[in-house]
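Trainee: First, the structure itself, so that you have it in front of you.
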2 protein chains.
Amino acid sequence: MKLVVLRIGHRPVRDKRITTHVGLTARALGASGMLLAADDPKIKESIDDVTRAWGGDFFVEIGVNWREAIKQWKEQGGMVVHLTMYGLNLPDVTSEMQNRDLMIIVGAEKVPPAIYDLADLNVAAGSQPHSEVAALALLLDHLQDGRELARTFDGVRREIVPMRKGKMVIEQT
Amino acid sequence: MKLVVLRIGHRPVRDKRITTHVGLTARALGASGMLLAADDPKIKESIDDVTRAWGGDFFVEIGVNWREAIKQWKEQGGMVVHLTMYGLNLPDVTSEMQNRDLMIIVGAEKVPPAIYDLADLNVAAGSQPHSEVAALALLLDHLQDGRELARTFDGVRREIVPMRKGKMVIEQT
């Protein structure tokens, strides 16, 4: 099961932090990378910085043509799901997504209407307005039965020792 | 089990959208309300607008003194947990939080060091940097075994009919 996020509708200034949260959440919770349908090198830089320090090989690609990316993913046999509060509820459709190569479309406020049709499945994390970051986290977690929370990363320079109180970080020099 | 979010470290301009996402996620996923340790009426307005349209009785209180709020919560027998990547991993501590009245502290970038000690438990959604919105979603979901995704709200003016493709919304007039 390969998981890739396609972030669309990103507006460079307004969405900088939310899109960064989308990317970091994707990385932390087991996705392979994020395709960003906007040309914003700062997003890539800040996520790449995290990957350099905290490990793994999460990729960020900017300036992606979303129509082309969706088409290619489908041609390779992958499933395309669009996270939206208008979709079918996550617990009802988790099983049909499991063990598929998934492109997960995460829109900002305005999503081109074509996305709803191009997606094989529109999926909601509850039918309420909340946050694309929260919805992505829940989708990734349910798909992997929470196992992603225990995953470790290769090539780590900085690592946390979990503590009930206080902070402990090991830095490799 | 009563769940309340305490949002600290909020900076009015910089954190406006992330704090709104924290509040909406808390509401959508079963928390009773959000205490905001900052005086930012716009956050309250935008979350209250969502509650008016989409139902329920989620509360937002602004200008909260966090030390006082934590003290009162503990005096009433509640448990205080702080979401931080430095904490114990969620799957390892879910059972000790379940069925408790929980104050969930969600910090922005800078959190006063005292919080780590005042909390009964520091809890991480994976020991990786990602997003407080994602971490909150995962905590609320794990505490409620995903049942919160199927909850309904009272006093609804706008309601979604989940669809595989397209959008359907019922508006009460």
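Every number in this text was worked out from the coordinates using simple rules, so none of it is lab data. Computed from a predicted model, the values in this text were never measured in an experiment. Positions of Cβ are backbone-derived with ideal geometry, glycine not excepted, and every protein chain shown enters the neighbour counts.
Trainee: Which residues, taken from the stretch B:1-37, are more than 12 Å from chain A (Cβ to nearest Cβ) and more than 27 Å from B:Leu143 (Cα to Cα)?
Mentor: As a first pass, look at the stretch B:1-37 and keep what is more than 12 Å from chain A (Cβ to nearest Cβ): B:1-10, B:12, B:32-37.
Result: B:Pro12, single match.
Trainee: Within the stretch B:114-122, does at least one residue satisfy the condition of being within 20 Å of B:Ala28 (Cβ to Cβ) and buried (at least 18 other Cβ atoms within 10 Å of the Cβ)?
Mentor: no
Trainee: Based on this model, can you work out whether B:Ala135 counts as within 13 Å of chain A (Cβ to nearest Cβ) and buried (at least 23 other Cβ atoms within 10 Å of the Cβ)? Even if it seems obvious, please write down each step before you answer.
Mentor: Values: within 13 Å of chain A (Cβ to nearest Cβ): yes; buried (at least 23 other Cβ atoms within 10 Å of the Cβ): yes.
It is true that B:Ala135 is within 13 Å of chain A (Cβ to nearest Cβ) and buried (at least 23 other Cβ atoms within 10 Å of the Cβ).
Trainee: Which residue pairs have Cβ atoms under 8 Å apart, sit 6 or more places apart or on different chains, and have a first residue in the stretch B:148-161 that is farther than 15 Å from A:Asn89 by Cα and a second that is of a type in the set (Lys, Arg) and outside any loop (DSSP other than H, G, I, E, B)?
Mentor: Correct list of pairs: B:Arg157/B:Arg52.
Trainee: Can you tell me which residues in the stretch A:158-173 are more than 7 Å from chain B (Cβ to nearest Cβ) and either of a type in the set (Phe, Trp, Tyr) or surrounded by 14 or more Cβ atoms within 10 Å (Cβ to Cβ) (or both)?
Mentor: Across the stretch A:158-173, the qualifying residues are A:Arg158, A:Glu159.
Trainee: Could you list, in sequence order, all residues of the stretch B:69-108 that are charged (D, E, K, R) and either surrounded by 19 or more Cβ atoms within 10 Å (Cβ to Cβ) or more than 10 Å from chain A (Cβ to nearest Cβ) (or both)?
Mentor: Filtering the stretch B:69-108 down to residues charged (D, E, K, R) leaves B:71, B:74-75, B:92, B:96, B:100-101.
B:Lys71, B:Lys74, B:Glu75, B:Glu96, B:Arg100, B:Asp101, listed by residue number.
Trainee: Let me ask another. Identify the single condition in (1) within 14 Å of chain A (Cβ to nearest Cβ); (2) more than 16 Å from the chain's Cα centre (by Cα) that B:Asn65 does not satisfy, given that it satisfies every other one.
Mentor: Unmet for B:Asn65, out of (1) within 14 Å of chain A (Cβ to nearest Cβ); (2) more than 16 Å from the chain's Cα centre (by Cα): (1).
Trainee: Please verify whether B:Val133 is hydrophobic (A, V, I, L, M, F, W, C), touching a residue at least 60 places away in the same chain (Cβ under 8 Å) and under 30 Å from A:Asp48 (Cβ atoms), treating the condition exactly as stated.
Mentor: Details: hydrophobic (A, V, I, L, M, F, W, C): yes; touching a residue at least 60 places away in the same chain (Cβ under 8 Å): yes; under 30 Å from A:Asp48 (Cβ atoms): yes.
So B:Val133 fits the description; yes.
Trainee: I'd like the residue in the stretch A:112-121 that is farther than 14 Å from A:Thr94 by Cβ and within 17 Å of the chain's Cα centre (by Cα) and, out of all such residues, is nearest to the other protein chains (Cβ to nearest Cβ). Quick ask: steps written out before the conclusion?
Mentor: First pass over the stretch A:112-121, keeping only residues farther than 14 Å from A:Thr94 by Cβ: A:112-120.
Those left that are additionally within 17 Å of the chain's Cα centre (by Cα): A:115, A:119.
Values: A:Ile115: 10, A:Ala119: 7 Å.
The qualifying residue nearest to the other protein chains (Cβ to nearest Cβ) is A:Ala119.
Trainee: Any residue that is among the small types (Gly, Ala, Ser), crowded, with 21+ Cβ neighbours inside 10 Å, under 25 Å from B:Ala125 (Cβ atoms) and touching a residue at least 12 places away in the same chain (Cβ under 8 Å) - is there at least one of those in the stretch A:42-56?
Mentor: No, that holds for no residue.
Trainee: Of all residues in the stretch B:145-157, which are more than 7 Å from every other protein chain (Cβ to nearest Cβ) and part of a loop (DSSP other than H, G, I, E, B)?
Mentor: B:Asp145, B:Arg151, B:Thr152, B:Phe153, B:Asp154, B:Gly155, B:Val156, B:Arg157
Trainee: Could you tell me which numbered condition B:Ile170 fails, if it satisfies all but one of (1) touching a strand residue (DSSP E or B) at 6+ places or on another chain (Cβ under 7 Å); (2) assigned to a helix (DSSP H, G or I)?
Mentor: (2)
Trainee: Among the residues of the stretch A:82-115, which ones are β-branched (Val, Ile, Thr) and within 14 Å of A:Ala137 (Cα to Cα)? Explain how you work it out, then say what you get.
Mentor: Taking the stretch A:82-115 as the starting set, the residues that turn out to be β-branched (Val, Ile, Thr) are A:84, A:93-94, A:104-106, A:111, A:115.
Across the stretch A:82-115, the qualifying residues are A:Thr84, A:Thr94, A:Ile104, A:Ile105, A:Val106.
Trainee: Please find, among A:His142, A:His130, the residue that is within 9 Å of another protein chain (Cβ to nearest Cβ), more than 13 Å from the chain's Cα centre (by Cα) and in a loop (DSSP other than H, G, I, E, B). I'd like the intermediate steps shown before the answer.
Mentor: Values: A:His142 fails: in a loop (DSSP other than H, G, I, E, B).
Just a single option satisfies the conditions, and that option is A:His130.
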